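Taken together, the values in this text are just the output of simple stated rules run on the coordinates, not laboratory data. Since the model is a prediction, treat every value here as computed from it, not as a measurement. Cβ atoms come from the backbone with ideal geometry, glycine included; neighbour counts cover every protein chain shown.
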Amino acid sequence: MPARLASTRFPAKLLHLVRGKPIILWTAERIRAVAPEFPLYFAVDDDALERCLSEAGFNAVRTRADHPSGTDRLAEANAIVGAPAVINVQGDEPLVTGEQIRALAAGLEGEAAMSTLAVPFERAQDFANPNQVKVVRDRAGYALYFSRSPIPFARDCAAQVDATWLAQNPCYRHLGLYAYKADFLSAFSGLEPGFLENIEKLEQLRAMEHGYRIHVGITDQATIGIDTPEDVGEFEARLPAE
């Protein structure tokens with residue numbers, strides 16, 4: 001799991017306290033509870049994060065602070081850990097489920113260099129939102145493309161879709177959870193950034209442009225990532241009453 005303290009929208013968010021506990025520890029404890037069969041490591045770039053995790057009994061692997069992406073940070077960490085595959089859960093995903101983690105692992109059993117997850121869209125406004133990334137798959141479950149644009153384009157209704165249309169024509173929102181085979185992870189940072197990646201600002205397109213396959217599993221469990229201070233309230237509302 002890559003954990004980086006700096007955040008433009010929410011400074012030091014991983015150490016932000018929710019009911020007296022840092023967000024990073026909510027995530028760590030959640031993973032340990034729902035997927036205890038997987039060894040858990042945190043790739044960190046900061047003294048405060050390393051100390052927070054270590055004092056709570058979690059494994060923290062210190063990495064450089066200048067990595068351009070979380071995938072590059074994971075590659076450095078796995079050069080130390082030496083795992084044959086890596087499941088990447090962001091430190092700001094404190095409601096990740098065991099089902100999701102195991103689905104990511106299962107996605108690597110075939111030809112995929114990477115695996116990820118998607119959830120069906122239910123609301124037209126979400127399908128139109130460029131901050132909610134869309135993915136289309138082939139019949140074997142491998143990604144054909146990821147985009148911030150609504151894909152597939154609903155030609156017969158001039159892209160004016162509604163909830164009924166989405167129920168009849170499943171379209172999928174990408175969830176920012178990944179798993180990687182170790183050989184791909186070590187090779188990724190050496191790949192030239194892609195043309196499509198630079199346009200869409202979607203890192204996974206670099207892998208596809210270089211010919212790597214990405215398996216996309218479908219789940220009905222949407223994640224609740226904490227990107228802004230406002231997201232903290234939604235997370236806290238889902239916690240059991242004290």
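Remarks
- Distant-in-sequence amide contacts of Asn59, defined by a placed amide H-H separation under 5 Å and a gap of 5 or more residues or a different chain, comprise Phe42.
- Using only Cα coordinates, the Kirkwood hydrodynamic radius of the chain works out to 18.8 Å.
- Karplus 3J(HN,Hα) series, Hz, for the range 119-129 with 6.51 cos²θ - 1.76 cosθ + 1.60 (x for Gly, Pro): 10, x, 6, 10, 10, 4, 5, 6, 4, 7, 6
- Shown for the chain: lysine pairs separated by 8 or more places, or found on different chains, whose C-alpha atoms are under 24 Å apart, numbering 5.
- 3J(HN,Hα) along the range 32-40, derived from phi through the Karplus expression 6.51 cos²θ - 1.76 cosθ + 1.60 where θ = phi - 60°, amounts to 4, 6, 8, 9, x, 6, 9, x, 10 Hz, with x in place of Gly and Pro.
- For the range 165-193, the residues whose backbone nitrogen is under 14 Å from a point 7 Å from the Cα of Ala124, taken along Cα to Cβ, are 165-169.
- Taking amide H as placed 1.01 Å from N in the peptide plane, the amide H of Leu177 sits under 5 Å from that of Leu117, each at least 5 places away or on another chain.
- Taking only the Cα atoms of the range 120-242, the radius of gyration and Dmax are 16.5, 51 Å.
- Approximate shape of the range 1-86 as ellipsoid semi-axes (Cα gyration tensor, √5λ), whole Å, largest first: 19, 17, 11
- Phi-based couplings in Hz for the range 92-105 (Karplus 6.51, -1.76, 1.60; Gly and Pro marked x): 9, 10, x, 10, 4, 10, x, 4, 5, 4, 5, 5, 4, 4
- Theoretical FRET efficiency, 1/(1+(r/R0)^6), r = Cβ-Cβ of Val34 and Ala12, R0 35 Å, to 0.05: 0.85
- Over the chain, relative contact order from alpha-carbon pairs under 8 Å, at least 6 apart, %: 23
- Using Cβ point charges alone (K and R +1, D and E -1), the dipole size of the range 97-222 about the Cα centre works out to roughly 80 debye.
- Sequence of Glu37, Glu197, Glu29, Glu234 once ranked by neighbouring C-beta atoms within 10 Å, starting from the fewest: Glu37, Glu234, Glu29, Glu197
- Cα lying deepest toward the dipole's positive end in the chain, options Ile199, Gly57, Phe127, charges on Cβ: Phe127
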